[in-house]
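**Q** Got a structure for you, written out below as structure tokens; questions coming shortly.
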Amino acid sequence: MPDGDKPPSRVLLGVVTGVRGLGGEVRIKSFTGRPEDVGAYGSLTGKEGNGVIELTVTGRAKGLVSARIKGVESLEAAKALKGMELFVARDALPEPGPDEFYHRDLVGLRAELKDGEVLGLVTAVHDYGAGTSLEVESAEYGAVLVPFTGACVPEVDIAQGRLVIVPPPGLLSTATGERDERED
């Protein structure tokens with residue numbers, strides 16, 4: 001990680017999106033590889049890290065997971081949880097395989113061009129369904145969205161706190177519409 005920072009201590013696994021039925025079940029958008037694994041890593045916490053959330057997955061429907069949260073027994077209590085983010089301790093998760101990364105581990109990495117010039121820092125990872133992209137905050141270009149593909153990001157070095165970006169044509173165009181010579 002940059003400047004010797006420790007790896008993130010918690011990872012976002014899902015978010016409560018609504019209720020299912022009248023008995024207190026919730027619907028969860030899971031960010032795990034297998035959606036039903038949102039409850040497979042033990043106790044979860046909310047965004048602030050306080051309080052333990054114990055959930056049991058009860059099913060899947062329409063891309064969401066349905067679950068019971070211990071202590072939530074009514075429709076009203078379930079509705080109150082809408083928008084709640086569910087985190088797990090980073091060390092409860094398995095280590096990612098080769099060329100696999102937890103999104104949280106990418107945030108904060110220094111983004112460099114292949115010649116070593118620093119483009120900026122990765123500030124967010126987005127996945128809207130058409131593929132993952134990295135948001136890089138650049139002093140020169142502002143916020144830049146980079147497709148997180150092998151062609152555009154051929155090297156990721158978590159230990160060194162950096163990744164290499166090969167920008168696709170047009171990504172680093174100036175405000176006047178001129179092409180940046182670094183894209184050639």
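**Q** Here is a list: Val122, Val57. Which entry is assigned by TED's automatic domain parsing to the domain that holds Leu163, out of contact with any Lys or Arg (no Cβ under 6 Å at 6 or more places or on another chain) and part of a strand (DSSP E or B)? I'd like the intermediate steps shown before the answer.
**A** On the way: Val57 fails: assigned by TED's automatic domain parsing to the domain that holds Leu163.
Sole residue among the options that is assigned by TED's automatic domain parsing to the domain that holds Leu163, out of contact with any Lys or Arg (no Cβ under 6 Å at 6 or more places or on another chain) and part of a strand (DSSP E or B): Val122.
**Q** With respect to Leu75, is the statement that it is touching a Ser or Thr at 6+ places or on another chain (Cβ under 8 Å) and modelled with pLDDT of 90 or more true?
**A** Details: touching a Ser or Thr at 6+ places or on another chain (Cβ under 8 Å): no; modelled with pLDDT of 90 or more: yes.
The answer is no for Leu75.
**Q** Let me ask something else. Against the condition loosely packed, with under 12 Cβ neighbours inside 10 Å and either over 25 Å from Ser43 (Cα atoms) or not assigned by TED's automatic domain parsing to the domain that holds Ser173 (or both), how does Lys62 come out, does it pass?
**A** Numbers: loosely packed, with under 12 Cβ neighbours inside 10 Å: yes; either over 25 Å from Ser43 (Cα atoms) or not assigned by TED's automatic domain parsing to the domain that holds Ser173 (or both): yes.
Against the criterion (loosely packed, with under 12 Cβ neighbours inside 10 Å and either over 25 Å from Ser43 (Cα atoms) or not assigned by TED's automatic domain parsing to the domain that holds Ser173 (or both)), Lys62 qualifies.
**Q** Filter the stretch 109-133 for residues that are exposed (fewer than 11 other Cβ atoms within 10 Å of the Cβ) and of a type in the set (A, V, I, L, M) and give the result.
**A** Answer for the stretch 109-133, where residues must be exposed (fewer than 11 other Cβ atoms within 10 Å of the Cβ) and of a type in the set (A, V, I, L, M): just Ala130.
**Q** Would you be able to tell me the number of residues in the stretch 32-54 that are in a loop (DSSP other than H, G, I, E, B), at pLDDT 85 or above and among the acidic types (Asp, Glu)?
**A** Counting residues in the stretch 32-54 that are in a loop (DSSP other than H, G, I, E, B), at pLDDT 85 or above and among the acidic types (Asp, Glu) gives 1.
**Q** Here is a follow-up. Quick one: Asp115 ticks every box in (1) touching a strand residue (DSSP E or B) at 6+ places or on another chain (Cβ under 6 Å); (2) outside any strand (DSSP E or B) bar one, so which box is it?
**A** If we test Asp115 against (1) touching a strand residue (DSSP E or B) at 6+ places or on another chain (Cβ under 6 Å); (2) outside any strand (DSSP E or B), just (1) comes out false.
**Q** Every residue in the stretch 125-156 that is touching a Pro at 6+ places or on another chain (Cβ under 9 Å), assigned to a strand (DSSP E or B) and not polar (S, T, N, Q), please.
**A** Leu134, Val144, Val146, Pro147
The values are calculated or read from the model by the stated rules, or taken from the named source; none is laboratory data. Just so it is clear, the structure is predicted and the values come from calculations on it, not from any experiment. So basically every Cβ, Gly included, is an ideal-geometry build from the backbone, and we count neighbours across all protein chains shown.
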